[in-house]
Amino acid sequence: MRVLIISANFFPMVPTGAAYIAGAALKAGHLVEVFDCFTTKNLIDELREKVERFKPQVVGISILVVCGDIVDKSKEFYTKYFDKRPEIKKVVNCIRQYSDAKIILGGPGFNYYGKDWLEYLDLDYGIRGESEFSFPRYLKELEIKGDIFSIPGCIYRKDKEFHNVQRELVESLDDTAFPAYELFDLRKYASFGIFTKRGCTFNCSFCPYSPLEGTKYRMKSPKRVVDEIEHVLKKGKAKFFNFTDNCFNFPKQHAEKICQEMIDRNLNLKWWASNIKPIGITDDFCRLLKESGCNYVTLAIETASEKMLKSMNRGYNITQIRNALTCFSNSNITFGVTTLIGASGETQETISETFGIIDNFPKINDVWVSIGICLWTNHQKILDDARKSGQLQNDKELFDCGYYISPELPKKYMIEFIESINSKKKYQLQVNKPFAEYQKVR
Ligand code: B12
Ligand code: SF4
């Protein structure tokens, strides 16, 4: 079949999911082309031209980021709200106008709110979750005019009713296709993304990943991970990559074996990773990362208050945080830390404890401060507190991205805190939606 994969993303985030499912469709023998919304100059004209020339039978739309806030120093509270849904609607309308291809939705920004998306775009089919096998199966069923309504993870509308088929987790990640990055113009991106495993054994109060991906790790073998990197280097002509795992260094042995495999193959790679957990970090581990080509990490400490570590259920303690910060400070790896301010129980005191520790480590290159917890999906435990405090009134609000902030934080204090953080050089501040509230206080 003629399959067009659209990366409906408008940020400089490499289209990782789109590349993986394009790879899966190619491996299944289909004729695949891609369209990357981020790299176009004139979205609709270029899409129309593509659709009219390629004449796809199926258009798969990969939705990465929906709406939320991003850092923007020029804006009030140094944050800009964005909503990419109208642009995605334009993409869908254009396909409808110039082609009669079947449209199917998927991607991390779709997984949480399948029904909302189908209603919003007036479409009737999508696949939630990892789709390396379910997407080719959908194409096959379509081709043989079989049953597309029993495919794992699919959500569809029939007779005005929505139906969900349970998702299936991919057990053998080594058997999946390589990502087809060669179909994208990787020069437009700083790096390409590779994931080494799925699942998470932690259960942080604000995070939906373990309920979505499972609480057991499903890992690619180190050989497979590095084969994949080599494949992209050869075919996609890119040099720099990042690990998109929820947490690259856990389980630690897996990360170590991958690093060792990269060293053994002498590939001379350069890579970075966000979401390094402050667990099991040693000088030797940092040396291994460096030797394998790592030149930047963010250490996801999120808080350095014992009380908040418990409240957020992070699974490590202050000693481990100090130790990780010391090891990275001693390494030659440039590193930043991320903090998430405002979860249940956060007070002025817990905030002071966190920055008291961070400010003791001058080698930290950048400090990402995110204020307010984004509520994306009903898989986050913190939703209970958001509902109790009246900050989430209706789960429908999740599609617009709801927010929670500890009611124990006085607004006046938060405004002073935001200003003080912003005056510090290496700090990057993102004040999620509560800034609307703070405006009134100012
Ligand atoms: C790694 C990551 C990043 C990395 C880099 C991304 C990259 N591509 O390399 C970085 C750190 C840069 C990043 C940044 C941001 N991110 Co981010 N990121 C992720 C993360 C953890 C993994 C994405 C990924 O690449 N996974 C690996 C690929 C292979 O999996 P996948 O994309 O899910 O694709 C699979 C399926 O979804 C499906 N699929 C994909 N496309 C399609 C299409 C069809 C048709 C079908 C059928 C199936 C299908 O099949 C694929 C293979 O199984 C996700 C969370 C998550 N676990 O999904 C958040 C996530 C995408 N990010 C998110 C956000 C908000 C952001 C930021 C905007 C945060 C911020 N405020 O700054 C920024 C972007 C700002 C900017 N200026 O660029 C949100 C989006 C939520 C939303 N509702 O909008 C997510 C979902 C995290 C969350 N909060 O839960 N991010
Ligand atoms: S924040 Fe990270 S460690 Fe915690 S549950 Fe989510 S993915 Fe796992």
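Please label the shape of the chain as rounded, prolate or oblate, based on the square roots a ≥ b ≥ c of the eigenvalues of the alpha-carbon gyration tensor (a/c under 1.5 means rounded; beyond that, a/b larger than b/c means prolate, else oblate). Don't jump to the answer; show the numbers that get you there.
Working: a/c = 1.80, a/b = 1.30, b/c = 1.39.
Taking the square roots of the gyration eigenvalues as a ≥ b ≥ c, the chain is oblate.
Which order do the peptides 61-69, 184-192 take when ranked by the mean count of other beta-carbon atoms within 10 Å per residue, highest first?
61-69, 184-192
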Go through Lys188/Lys234; Lys220/Lys277; Lys270/Lys310; Lys223/Lys252 and tell me which ones have a Cα-Cα distance over 25 Å in this structure. Lys270/Lys310
Region 330-389: relative contact order as a whole-number percent, Cα under 8 Å and 6+ apart: 50 percent
Under a crude label model (7 Å from the Cα following the beta-carbon direction), how far is Asp174 from Gln393 in nanometres? 5.4 nm
Check the cysteines of the chain one by one and keep only those with no other cysteine Cβ under 4.7 Å from their own. Cys37, Cys67, Cys94, Cys154, Cys200, Cys247, Cys259, Cys286, Cys294, Cys327, Cys374, Cys401
Provide the net charge surrounding Ile364, with neighbours chosen by a C-beta distance below 15 Å and charges set as Lys +1, Arg +1, Asp -1, Glu -1. +2
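Test of understanding: what is the full-extension gain from Lys80 to Lys412, defined as 0.36 nm times their sequence separation minus their Cα-Cα distance? Please report the intermediate quantities before stating the final value.
Values: separation 332, 0.36 × 332 = 119.52 nm, distance 2.09 nm.
Result: 117.4 nm gained on full extension.
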Let me have the relative contact order for region 195-431, percent, based on Cα pairs under 8 Å that are six or more residues apart. 17 percent
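Over the chain, calculate the relative contact order: mean separation of alpha carbon pairs under 8 Å at least 6 apart, over the residue count, as a percent. Could the numbers behind the result be given before it?
Working: 850 pairs, mean separation 55.9, N = 442.
Here the relative contact order equals 13 percent.
Could you order peptides 294-300, 103-109, 90-96 by the average number of other Cβ atoms within 10 Å of their residues, highest first?
Numbers: 294-300: 20.6, 103-109: 24.0, 90-96: 18.0.
For the peptides 294-300, 103-109, 90-96, the packing ranking is 103-109, 294-300, 90-96.
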Going by average Cβ density within 10 Å per residue, which order do the peptides 234-242, 11-19 take, highest to lowest? 11-19, 234-242
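Determine the calculated [θ] at 222 nm for the chain from helices alone, applying -39500 (n - 2.57) to every DSSP H run no shorter than 4 residues and normalising by the residue count; nearest 500 deg cm²/dmol. Let's see the in-between values first.
On the way: 16 runs with 157 residues, N = 442.
Rounded to the nearest 500, it is -10500 deg cm²/dmol.
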How many angstrom lie between the C-alpha centres of region 226-296 and region 302-336? 20 Å
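Since every read-out is calculated from the coordinates, none of them should be taken as a lab result. Because the structure is predicted, anything quoted here is derived from the model rather than measured. Heads up, the Cβs are rebuilt from the backbone with ideal geometry, glycines too, and the neighbour counts pull from every protein chain shown.
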